[in-house]
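Below you'll find the structure, written out as structure tokens, and then a few comments.
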Amino acid sequence: MNIFDILVSGGWLMIPIAICSFIGAGIIAERWLTLRKARVNTGTLMNRVRQALHGGEIGRAIDICDETPGPVARLLKEGVLRAGADRSLIRETVESAGKAELYKMERGLGALATVAGIAPLLGFLGTVTGMIRAFMEIQGLGGQVNATVLAGGIWEALMTTAAGLSVGIPALIFYNWLVGQVEHFVFEMERSSMELLDLLGDDAVRNSGGTLPEAEHGH
């Protein structure tokens, strides 16, 4: 038997399990690439923004944020754009931007969690249907057990269970890993936003004479 024949022996429940595998693989690949591109050295970014603000170059600070990929830079930009405003307004703006960035980073994770949970259940359902099929065949034979006749039901029970676990276990592992990555970004955003609030409230920055070139940045 080739691989295709083995998979077919699992019955119709192999179809939703296969769909789960494709969905899970797509989400994992997309999230991994997105989060990888978003990773930056937050300390270096904050130092560059700090130097620009202390020099009164608010426009330069915004350019630095624009040049840097990732949620931390976008969060800092929203705060810098409100430089000179009341601290509570800056905080509200940054918090709102942080929620938006968190929503973007968590996109697809709910579906991946569903795949991790439902794939093994589909496998166990296949185990049940396979055993039901086997016992129905035993009953049909009047209790005369024939290994050849029972093989179909046993194959279905074993293959769906193995397939469901093979999809669910990696999906769960990658889901937890991606959640950890998102939590890391959340920590970096919270730390950077607090540093920015303190920085924008610094007298040295307030008295630096920096202005926001509205014509250039459109804000």
Open item on the list: Quick check: residue separation of residue 63 and residue 99 times 0.36 nm, minus the Cα distance between them. What number comes out in nm?
Closed with: 10.7 nm
Open item on the list: Can you compute the radius of gyration and Dmax for region 44-136, using only the Cα atoms, both in Å?
Closed with: 24.3, 82
- [ ] Among 179, 94, 80, rank each residue by its count of other Cβ atoms within 10 Å, from fewest to most, as a rough exposure measure.
- [x] 179, 94, 80
- [ ] Report the label-to-label distance for residue 92 and residue 137 in nanometres (one decimal), using points 7 Å from each Cα along the Cα→Cβ vector.
- [x] 6.9 nm
TODO: Mind checking region 94-136 for chymotrypsin sites (Phe, Trp or Tyr not before Pro) that DSSP puts in a loop (not H, G, I, E or B) and that have at most 15 other Cβ atoms within 10 Å?
DONE: none
Open item on the list: With a cut-off of 8 Å between alpha carbons and a minimum separation of six or more residues, what is the relative contact order of region 3-202 in percent?
Closed with: 32 percent
Open item on the list: Please compute the modelled spin-label separation between residue 41 and residue 128, points set 7 Å along Cα→Cβ, answer in nm with one decimal.
Closed with: 5.6 nm
Open item on the list: Considering all projection directions equally, how large on average is the shadow of the alpha-carbon convex hull of region 3-202, in square nanometres?
Closed with: 13.5 nm²
Task: Signed unit charges on C-beta, dipole axis of region 79-143, positive-most listed residue 114, 85, 96 - done: 85
- [ ] Could you please report the charge total around residue 105, scoring K, R as +1 and D, E as -1 over all other residues with beta-carbon less than 15 angstrom from its beta-carbon?
- [x] +2
Open item on the list: Loop-only trypsin sites (Lys or Arg not before Pro) in region 30-120, please: DSSP not H, G, I, E or B, and at most 15 other Cβ atoms within 10 Å.
Closed with: 39, 107
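Laboratory data are not the source of any read-out in this text; all were calculated from the coordinates shown. Here the structure is a predicted model, which is why all the values come from computation and not from measurement. As a convention, Cβ positions derive from the backbone with ideal geometry for all residues, glycine included, and neighbour counts pool all protein chains shown.
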